[in-house]
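The values are calculated or read from the model by the stated rules, or taken from the named source; none is laboratory data. Keep in mind it's a predicted model, so treat the numbers as computed, not measured. Because the Cβ atoms are built from the backbone with ideal geometry, glycine has one as well, and the counts that use them run over all protein chains shown. To get the accessible areas, we keep the full protein, side chains included, count just its heavy atoms, and leave off ligands, DNA and RNA. Shrake-Rupley method; radii C 1.70, N 1.55, O 1.52, S 1.80 Å.
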Amino acid sequence: MGANDRRPELEFAHVRQRSTHLAEPLSPEDCCAQSMPDASPVKWHLAHTTWFFETFILEPREAQFRPFHPAFRVLFNSYYNGVGDKHPRPHRGLLTRPALHEVLAYRADVDRRIARLLAAHPDDAELATLVQLGLQHEQQHQELLLTDAKHLLAQNPLFPAYDDAPMAASSPPQPLTWISFDGGLAEIGHDGRGFAFDNELPRHRQYVAPFALASRLVTNGEYLEFVDAGGYRDPELWLAEGWDKVCAGELRQPLYWVREGARWMEFTLHGLVPLDPDRPATHLSLYEADAYARWRGARLPTEGEWEFAARDVAIACGDLHPRAAGGAGLVQMFGECWQWTSSSYAPYPGFVPAPGALGEYNGKFMVNQYVLRGSSCATPHRHARASYRNFFPAGARWQFTGIRLAK
């Protein structure tokens with residue numbers, strides 16, 4: 001993991017303030033509720049990211065350390081078995097206490113103490129590295145805060161908006177073209193410049209056969225053609241587990257598509273809006289992405305292919321919803337939708353988890369999941385990079401996940 005190019009105390013203040021800013025459009029009731037076991041309440045995200053700094057930085061380093069509240073060690077532990085007991089994940093929404101204002105007081109207390117620690121040890125490289133890990137962890141939760149809040153608001157028949165401002169109008173996307181790559185022996189993984197999570201390491205050589213990528217993401221209009229053509233009724237297109245979910249009624253259309261009479265609507269962070277055929281299709285599972293690719297006579301890229309193609313692509317930031325493709329060449333690699341790959345989430349050759357509880361961060365999840373690449377409209381600025389390896393189970397849909405075709 002490399003050092004960040006901004007002063008730790010300034011970066012710390014900026015990232016921490018952004019989390020509370022993201023929660024501001026929501027009511028205290030919004031911040032407490034949990035819509036499903038895979039999602040967490042906004043209040044819990046605000047507390048857990050604070051718990052991370054208190055547990056892994058203040059506790060071992062602060063003189064005469066005392067926790068803000070002893071019970072928070074269990075309430076806001078996520079999955080760190082090395083730290084101790086955890087409150088059951090499906091029951092996070094039952095934590096009406098501590099109240100939101102108490103969680104914000106917890107954040108303010110820990111922020112003051114971390115700032116004091118950084119000021120007292122300006123040349124402590126190990127401290128700066130731990131703080132940077134905590135900030136990168138918090139940025140992951142900033143994205144989850146938005147996607148979890150979206151899933152929560154979508155359960156409300158009023159379809160309330162997170163942001164009342166209307167989405168900007170989109171323009172017709174560029175035609176989908178195929179961009180060819182010669183492949184070859186490629187360096188895959190983080191190159192050592194700036195921060196990286198341990199699952200992006202070690203950098204290693206991998207042979208990539210010649211391939212082609214679609215110039216842009218699949219649009220709502222293109223995916224609607226698949227729906228109208230009976231894609232959800234054709235077992236030949238589906239992986240067996242995905243077809244089981246179709247038959248069980250779990251998969252019928254993208255997660256936030258809503259049928260109103262003869263037209264399709266889409267729930268967004270701006271509320272319920274008419275489905276825009278030009279914007280990327282999103283909130284799709286791996287099963288749906290794979291079925292659509294088969295229907296189109298294509299496939300999903302491997303993560304090695306995706307990284308090979310993305311090496312020289314500029315990183316862009318998005319809005320609160322994926323935008324239509326603009327420009328020429330390979331576009332929408334970053335800042336719109338995470339892109340499913342056909343690669344199972346597994347360790348790179350030579351990967352060794354770090355010792356202690358922090359070693360649980362990524363390594364123990366390297367089973368029964370698939371890799372997504374790029375970044376989404378909810379990904380914080382400066383958090384995306386070509387080597388970033390996101391991962392989710394094949395059925396996950398509440399993240400901004402889309403489709404990049406390959407051949």
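At a glance:
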| read-out | value |
| --- | --- |
| Region 178-256, accessible area per residue, ligands and nucleic acids excluded (1.4 Å, Å²) | 48 |
| Percent accessible area from carbon and sulfur atoms, region 1-78, protein chains only, probe 1.4 Å | 54 |
| Quotient of C-alpha Rg and 2.2 N^0.38 Å, computed over region 110-262 | 1.55 |
| Ranked order, 188, 315 - accessible area, probe 1.4 Å, largest first | 315, 188 |
| Carbon + sulfur, % of accessible area of region 188-227 - ligands and nucleic acids excluded, 1.4 Å | 51 |
| Rel. contact order, % - alpha carbon contacts under 8 angstrom, at least six apart, region 64-133 | 20 |
| DSSP bridge orientation in the chain - percent antiparallel, rounded to nearest 5 | 90 |
| Sum of side-chain charges, residue 270 neighbourhood, beta-carbon under 15 Å (Lys, Arg +1; Asp, Glu -1) | -2 |
| Ranked packing of 133-146, 349-362, 206-219, most packed first, by mean Cβ within 10 Å | 133-146, 206-219, 349-362 |
| Residue among 362, 304, 289 farthest towards the positive dipole end of the chain, charges placed on Cβ | 362 |
| Rg and Dmax [Cα atoms of region 188-291; Å; Rg one decimal, Dmax integer] | 18.2, 53 |
| Computed label-point distance, nm, for sites residue 232 and residue 94 using a 7 Å Cα→Cβ extension | 3.3 |
| Residue 31 - accessible surface, heavy atoms, 1.4 Å probe, Å² rounded to 10 | 0 |
| For residue 101, solvent-accessible area (1.4 Å; no DNA, RNA or ligand), Å² | 130 |
| GluC sites (Glu not before Pro) within region 1-70: DSSP coil, no more than 16 neighbouring Cβ in 10 Å | 62 |
| Dimensions (Å) - region 41-171, Cα atoms, principal axes, largest first | 51, 37, 26 |
| Prolate/oblate/rounded call for region 301-407, Cα gyration tensor, a/c under 1.5 rounded | prolate |
| Probe 1.4 Å, all protein chains present, accessible-area order of 392, 52, largest first | 392, 52 |
| The chain, helix-only ellipticity at 222 nm - DSSP H runs n ≥ 4, -39,500 (n - 2.57), divided by all residues, nearest 500 | -9500 deg cm²/dmol |
| The chain - percent relative contact order, Cα under 8 Å, separation 6 or more | 19 |
| Volume per residue of the C-alpha convex hull in the chain, rounded to whole Å³ | 144 |
| Unsatisfied cross-links (Cα-Cα over 25 Å) in the set 150/245; 245/407; 43/86 | 245/407 |
| Positive minus negative residues near residue 322 (Lys, Arg vs Asp, Glu; Cβ under 12 Å) | -2 |
| Within-12-Å neighbourhood charge of residue 145 [Cβ basis; K, R +1; D, E -1] | -2 |
| Rg to Rh quotient for region 4-82, alpha carbon positions, Kirkwood Rh | 1.00 |
| Computed accessible area, residue 337, all protein chains, 1.4 angstrom probe, square angstrom | 0 |
| Protection proxy ranking of 283-291, 256-264, 373-381, 222-230 - average other beta-carbon atoms within 10 Å, highest first | 283-291, 373-381, 222-230, 256-264 |
| DSSP H segments from the chain that extend 27 Å or more along their own axis, Cα-based, with Kyte-Doolittle mean of -0.5 or above | 100-120, 125-154 |
| Largest-first principal axis extents of the Cα set of region 220-347 (Å) | 43, 34, 25 |
